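These notes concern the structure reproduced below.
Just so it is clear, none of the values below were taken in a lab; they were calculated from the coordinates. For clarity, every value in this text was computed on a predicted model and none was experimentally measured. Using ideal geometry, Cβ is built from the backbone for each residue, glycine included, and neighbour counts are taken over all protein chains shown.
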Amino acid sequence: MNSADFRSHAHDLVDWMADYLDGVEEFPVKAQVRPGEIAGRLAGSPPDAGEPMATILADFRAVIVPGMTHWQHPSFFAYFQANSSRPSVLAEMLTAALAAQCMMWETSPAATELEGRMMEWLRQMIGLPEGFVGSIQDSASTATLCAILAARERVSAADGVGVNETGMNDLGVVTAYCSVEAHSSVEKNVKIAGLGRANLRKIPVGGDFGMLPADLDRAIEADLANGCRPACVVATVGTTGVSGFDPLRAIGEVCRKHDVWLHVDAAWAGNALVLPEMRWMIDGVELADSFVFNPHKWLFTNFDCSALYVRNPAEFVRVFDILPEYLKTRDGSSVTNYRDWGIQLGRRFRALKLWFVIRSYGVEGLQRLIRSHIEMAHSLAEDIEMAEDFELLRPPVLSLLCFRFRPNGADEQSLDEINERLLQTINDSGKLYVTHTRINGTYAIRFVVGQTSTEPRHVWEAWTTIQDLARDLQPAGRSAPD
């Protein structure tokens with residue numbers, strides 16, 4: 001492809017992207033295809049000769065787009081949003097054109113120094129105390145793994161050398177702790193780090209779905225009595241299932257008492273810390289050793305972009321630092337080399353999209369948009385509470401709420417099945433997309449407001465659709481209330 005062709009196709013693609021973002025609302029939110037349908041439309045072998053870009057783009061529109069779930073649709077209320085914005089998309093285009101591998105300062109000084117400044121901007125924006133220093137990771141899952149590895153090194157280094165040097169043969173049983181509502185990545189990371197799933201203690205939660213610090217303390221005491229080595233507690237600010245908030249100050253005091261690493265997973269809810277009125281969520285965060293949140297979840301920045309902060313950078317970097325001859329540079333320790341701040345050597349230029357987004361919206365613009373999402377969720381919760389045949393199971397603290405359809409006369413045993421069918425019917429309609437969770441064993445429809453372009457009308461239309469579809473699921477012999 002020559003420069004003239006590139007320019008022409010690029011203009012076509014920009015036009016398509018602008019049209020797509022303007023008209024994404026016209027697509028079904030969730031892909032309406034069957035397993036294998038897209039693969040069946042793709043060639044089984046690669047082409048021998050190159051094909052015209054016009055043909056490739058036509059196939060993209062005809063084959064790929066129908067098989068996509070549209071995460072930027074304003075009626076996407078599932079999971080946690082991976083929201084985006086036009087400034088972020090523009091930055092991603094530049095990142096792709098530059099195609100830089102930003103593993104260390106020398107390979108792209110601007111990428112390294114912009115990342116450092118963006119981490120400081122974010123720290124100020126969310127009210128994280130001075131002294132926390134950040135780097136960009138690909139996801140909160142990876143960031144939590146890094147924290148667990150750092151905690152493992154700290155507890156092993158108490159014997160003198162550490163796991164990084166001698167391995168885990170003589171380490172004994174190393175334990176980690178999280179609440180029963182913590183994200184599944186904690187359990188996955190404990191396995192990856194070699195601690196073993198059996199050595200992850202899942203601590204009960206209270207009525208507000210936050211970890212019980214007294215139970216955590218007892219669990220650590222019991223492990224110490226049994227010769228185990230407690231290494232890390234993962235506290236969650238805004239759990240995935242029901243938006244529970246672990247009490248950081250009380251948990252942090254337990255961790256300080258036992259010299260255990262405290263990692264705070266605020267992947268979704270941490271974005272709401274740009275609102276000063278939400279800073280109660282991290283009371284006691286100064287007791288944490290590490291903290292992560294994902295701007296790609298609710299700060300309008302394209303996936304992937306996860307902000308990981310540590311209180312003692314030198315201790316953290318020692319876990320990942322390695323310097324073969326081919327990575328040595330004359331600048332040495334006088335610069336930051338982010339290759340030593342995580343697992344990957346290679347790094348994308350993720351800071352550029354943060355710079356574009358924060359400068360384009362300004363802090364006030366970001367605050368205004370997040371507040372609007374919270375207000376929409378609370379308004380929906382009020383509507384659900386007023387509905388005679390629906391039950392609010394988890395009121396929104398931020399913008400996540402959980403509810404179920406409860407038709408008059410339905411027995412408890414049938415409600416799970418009714419709501420599971422309702423959820424499938426909702427998603428098959430293509431009008432909106434939601435997921436489910438379980439609250440104390442009860443099947444619940446989980447609804448999150450947070451897509452960049454979502455307006456009150458989208459939430460209202462979603463609620464109307466849910467009610468209309470629910471009427472068709474009344475138990476035999478029953479009817480919806482007037």
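Quick note on region 384-482: its Rg to Rh ratio, both from C-alpha atoms and Rh being the Kirkwood radius, is 0.94.
Report note on the peptides 262-275, 100-113: ranked by the mean count of other C-beta atoms within 10 Å, highest first, their order is 262-275, 100-113.
Taking a ≥ b ≥ c as the square roots of the Cα gyration tensor eigenvalues, with a/c under 1.5 meaning rounded and otherwise prolate when a/b beats b/c, else oblate, which class fits region 101-348? Cα axes put region 101-348 in the oblate bin.
Could you work out the Rg to Rh ratio of the chain, with Rh taken as the Kirkwood radius (inverse of the mean 1/r over all Cα pairs)? Kindly include the intermediate steps, with their values, before the conclusion.
On the way: Rg = 24.4 Å, Rh = 24.5 Å.
Computed over Cα atoms, the ratio is 0.99.
Report, in listed order, any pair from LYS188/LYS297; LYS353/LYS431; LYS188/LYS257; LYS297/LYS353 with a Cα-Cα distance greater than 25 Å. Walk me through the numbers before you get to the answer.
Details: LYS188/LYS297 21 Å; LYS353/LYS431 30 Å; LYS188/LYS257 27 Å; LYS297/LYS353 14 Å.
Violating the 25 Å limit, Cα to Cα: LYS353/LYS431; LYS188/LYS257.
Between the C-alpha center of region 164-209 and that of region 245-285 there is a gap of 18 Å. What the phi angles of region 113-121 give under the Karplus curve with 6.51, -1.76 and 1.60, with θ = phi - 60°, is a coupling list of 6, 5, 4, x, 6, 5, 5, 6, 4 Hz, glycine and proline written as x.
Please arrange TYR338, TYR326, TYR20 by counting, for each residue, the other beta carbons lying within 10 Å of its beta carbon, fewest first. Working shown, then result.
Working: TYR338 22, TYR326 5, TYR20 16.
Starting with the residue having the fewest Cβ neighbours, the order is TYR326, TYR20, TYR338.
Of the residues THR442, ILE148, ASN312, the one whose Cα sits farthest towards the positive end of the charge dipole of the chain is ASN312 (charges of +1 on Lys and Arg Cβ, -1 on Asp and Glu Cβ, taken about the Cα centre). If you filter region 272-354 for trypsin sites (Lys or Arg not before Pro), then keep DSSP loop positions with at most 11 other Cβ within 10 Å, what is left? When the trypsin sites (Lys or Arg not before Pro) of region 272-354 are filtered for loop state and at most 11 Cβ neighbours within 10 Å, LYS328, ARG330 remain.
For LYS191, the lysines whose Cα comes closer than 19 Å to its Cα, not counting residues fewer than 8 places off in the same chain, are LYS202. Note on MET1/ALA58: beta-carbon distance plugged into 1/(1 + (r/R0)^6) with R0 of 25 Å gives a FRET efficiency of 0.95.
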